[in-house]
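Engineer: One structure, pasted below without further comment.
The values are calculated or read from the model by the stated rules, or taken from the named source; none is laboratory data. The model shown is predicted, which means the values in this text are computed figures rather than measured ones. Neighbour counts run over all protein chains shown; Cβ positions are idealised from the backbone, glycine included. Protein only, heavy atoms only, side chains kept; ligands, DNA and RNA dropped before computing areas. Shrake-Rupley method; radii C 1.70, N 1.55, O 1.52, S 1.80 Å.
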Amino acid sequence: MVIAWVFFGLFFALCALILLRVLRIQPIAPLSAARPKVSILIAARNEEATIERCLTSLTRLNYPPEQLEILIGDDASTDNTMGVVQRFIANKPQFKLMPIRHRLGTAKGKSNVLAHLSRAATADIFLITDADMALAPDWVQTMLAAAPAGVGVVTGATTADGSLFGRLQGLDWLFGLNIIRLLTEMGQPVTAVGNNMLVTREAYESIGGYEALAFSITEDLQLFAQIVAQGWGYRNLMDRRTLGVSVPQPTVMHLLRQRKRWMKGATRLPWQLSVLFSLYGLFYMVLYWPGLFTPAVVLSIFSAKLALQTVFLHITLRQVGRRETLAVLLLYEVYLSVMSVAVLSYTLWPSYIQWKERRYRWAEG
């Protein structure tokens with residue numbers, strides 16, 4: 001009983017600390033009038049249903065088109081991705097489509113496409129996103145403002161929308177990314193997220209590029225860790241001007257496959273994040289342990305956790321210029337509980353990691 005109360009004391013003390021810190025969002029430096037040339041890199045494989053949405057958002061950027069170089073690498077798509085892109089970029093000189101058909105060094109899959117695109121890029125700043133993302137109009141200049149001299153990598157915010165299932169996935173994105181931002185501002189390097197990321201050419205080339213790295217299916221985490229190890233600074237942002245909206249996973253199985261790949265990268269995350277995840281994961285195990293607490297106490301502890309989590313999500317949404325109903329914020333607790341068990345079970349199941357219609361062994365990367 002004493003150990004259980006100590007656990008919940010630590011849990012709620014940590015939640016209170018997180019809430020206090022989340023209100024102290026680190027301001028982004030004022031945007032300068034300078035508009036340097038940037039290269040936007042997009043790796044695409046079998047994205048015919050989503051990529052036009054992404055490309056359309058890039059045509060709406062509040063940034064001079066002549067200062068944009070948008071490179072799309074087609075990773076041997078088996079659908080009509082190339083046809084969709086070719087039609088869209090006709091008469092748009094800032095866009096260029098590159099078929100990627102051979103490997104550079106040790107790179108494979110997405111990291112190989114990015115290795116090719118980085119070599120072809122002519123700017124000193126790379127902005128990397130995914131083919132299923134739609135970016136905010138001020139994305140480019142806000143990411144640039146967060147990367148003064150010495151900062152090698154910046155991560156923007158990501159959410160998802162659409163159906164109720166998609167909106168719950170969006171809350172999951174924001175919940176995790178804001179925790180990562182808080183750790184970053186405490187000086188703890190955690191990760192970058194490859195669908196909304198800035199990398200300077202100098203930082204990228206200081207590690208030899210993707211072609212010099214051992215293959216990883218979590219290539220963004222690998223790149224981030226290598227860049228930070230070289231002494232470069234890093235930023236994680238929660239700002240509506242850097243928000244990217246992803247297409248949600250359409251089914252539970254698709255989501256489980258995505259999360260199994262992410263869990264591969266989670267084994268390399270800093271211990272601080274592992275402690276946070278562990279406390280969250282143990283919460284219900286301790287709360288519902290037979291005979292520990294009366295039903296009234298269980299209800300009180302659960303209600304306190306739900307209230308703190310809902311406030312955190314509300315603040316996070318406000319920081320990125322989004323809104324959500326109270327019902328959905330409360331429903332997120334059910335989603336989180338069910339998906340946590342499902343993801344853990346699916347990750348432990350001895351099966352391949354499936355990604356972009358390709359299979360990878362767990363031991364690979």
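Engineer: Let's see if you can work this out: charge +1 on each Lys and Arg Cβ, -1 on each Asp and Glu Cβ, no other charges. What is the dipole magnitude of the range 96-231 about its Cα centre, in debye to the nearest 20?
Structural biologist: 380
Engineer: Here's something else I'd like to know. Which value, in debye to the nearest 20, gives the size of the charge dipole of the chain about its Cα centre, when Lys and Arg are +1 and Asp and Glu are -1 at the Cβ?
Structural biologist: On the way: 35 positive and 25 negative charges, 36 e Å.
The dipole of the chain has a size of about 180 debye.
Engineer: Here's something else I'd like to know. Helix 295-319 sits at what angle to the longest principal axis of the chain, using alpha carbons and giving 0 to 90 degrees rounded to 10?
Structural biologist: 20
Engineer: Tell me the accessible surface of R101 in square angstrom (1.4 angstrom probe, heavy atoms of protein chains only), to the nearest ten.
Structural biologist: R101 exposes around 140 Å² with every protein chain in place.
Engineer: Under the Karplus relation 6.51 cos²θ - 1.76 cosθ + 1.60, θ = phi - 60°, what is the ordered set of whole-Hz ³J(HN,Hα) values for the range 220-225, x standing for Gly and Pro?
Structural biologist: Ordered by residue, 3J(HN,Hα) equals 5, 4, 4, 4, 4, 4 Hz.
Engineer: Taking a cut-off of 21 Å, what percent of all Cα-Cα pairs in the range 1-83 are separated by more than that?
Structural biologist: Here the tail beyond 21 Å accounts for 62 percent of pairs.
Engineer: Let me ask another. Using only Cα atoms and rounding to the nearest 10 degrees, what angle (0 to 90) does helix 164-185 make with the longest principal axis of the chain?
Structural biologist: 90
Engineer: Now, a different point. Excluding S111 itself, calculate the net charge of residues whose Cβ lies under 11 Å from the Cβ of S111, where each Lys or Arg counts +1 and each Asp or Glu counts -1.
Structural biologist: Spelling it out: positives minus negatives among the neighbours equals -1.
Engineer: Now a separate question. Please find the FRET efficiency linking D161 to N62, where r is the Cβ-Cβ separation and R0 is fixed at 25 Å, and quote it to the nearest 0.05.
Structural biologist: Values: r = 21 Å, r/R0 = 0.86.
Once rounded, the FRET efficiency stands at 0.70.
Engineer: While we're here: How would E211, E219 line up by accessible area, probe 1.4 Å, largest first? Please list the in-between numbers first.
Structural biologist: Numbers: E211 35, E219 5 Å².
In descending accessible area the options line up as E211, E219.
Engineer: When all C-alpha to C-alpha distances in the range 1-140 are sorted into bins of 5 Å, what percent of pairs does each bin hold, rounded to whole numbers?
Structural biologist: So the P(r) values, bin by bin, are 2, 9, 16, 17, 14, 9, 7, 7, 7, 6, 4, 2, 1, 0.
Engineer: Now a separate question. Of the cross-linked pairs K108/K356; K108/K260; K92/K356; K37/K356; K110/K356; K37/K110, which ones have a Cα-Cα span greater than 21 Å in the structure shown? Walk me through the numbers before you get to the answer.
Structural biologist: Numbers: K108/K356 12 Å; K108/K260 19 Å; K92/K356 28 Å; K37/K356 31 Å; K110/K356 9 Å; K37/K110 24 Å.
Flagged as over cut-off: K92/K356; K37/K356; K37/K110.
Engineer: Can you tell me the dipole magnitude for the range 194-249 around its Cα centre, using point charges on the Cβ only (Lys, Arg +1; Asp, Glu -1), in Debye to the nearest 20?
Structural biologist: 280
Engineer: Among T242, Y352, F215, which residue has its Cα furthest toward the positive end of the charge dipole of the chain, with +1 on Lys/Arg Cβ and -1 on Asp/Glu Cβ?
Structural biologist: Highest projection toward the positive end goes to Y352.
Engineer: In addition: Would you mind checking which residues have amide H under 5 Å from D239's amide H? H placed 1.01 Å from N; only 5 or more apart, or other chain.
Structural biologist: So D239 has HN proximity to A157.
Engineer: Expressed as a rounded percentage, what relative contact order does the chain have, with Cα pairs under 8 Å and six or more residues apart?
Structural biologist: Numbers: 574 pairs, mean separation 69.6, N = 365.
Reported as a whole number, the value is 19 percent.
Engineer: With θ set to phi - 60°, apply the Karplus curve 6.51 cos²θ - 1.76 cosθ + 1.60 along the range 132-147 and write out the HN-Hα couplings as whole Hz, x wherever there is a Gly or Pro.
Structural biologist: Ordered by residue, 3J(HN,Hα) equals 9, 9, 10, 9, 5, x, 9, 4, 5, 5, 6, 5, 4, 5, 8, 10 Hz.
Engineer: Next up: Can you give the calculated 222 nm mean residue ellipticity of the chain, where each DSSP H run of n ≥ 4 adds -39,500 (n - 2.57) and the sum is split over every residue, rounded to the nearest 500 deg cm²/dmol?
Structural biologist: After summing the helix terms and dividing by the residues of the chain, the value is -16000 deg cm²/dmol.
Engineer: Name the long-range amide H neighbours of G152: under 5 Å, sequence gap of 5 or more, or other chain; modelled H, no Pro or chain starts.
Structural biologist: Under 5 Å from the amide H of G152 lie the amide H atoms of G233, Y234, each far enough along the sequence or on another chain.
Engineer: Can you find, among M82, F95, A145, the residue sitting farthest towards the positive end of the charge dipole of the chain, where Lys and Arg contribute +1 and Asp and Glu -1 at Cβ?
Structural biologist: Toward the positive end, the furthest listed residue is M82.
Engineer: If you rank C15, C54 by how much accessible surface each has, with a 1.4 Å probe, what is the order from largest down?
Structural biologist: Accessible-area ranking of C15, C54, largest first: C15, C54.
Engineer: Using heavy-atom solvent-accessible surface (probe 1.4 Å) with all chains present, what is the largest-first order of E69, E324?
Structural biologist: Greatest to least solvent exposure: E324, E69.
Engineer: Out of the DSSP beta bridges found with both residues in the chain, what percent are antiparallel (nearest 5)?
Structural biologist: 35
Engineer: Can I ask one more? Viscosity 1.002 mPa s, temperature 20 °C: what is the translational diffusion coefficient of the range 294-365 from Stokes-Einstein with a Kirkwood Rh over Cα pairs, rounded to a whole number of µm²/s?
Structural biologist: Values: Rh = 15.3 Å.
This corresponds to a translational diffusion coefficient of 140 µm²/s.
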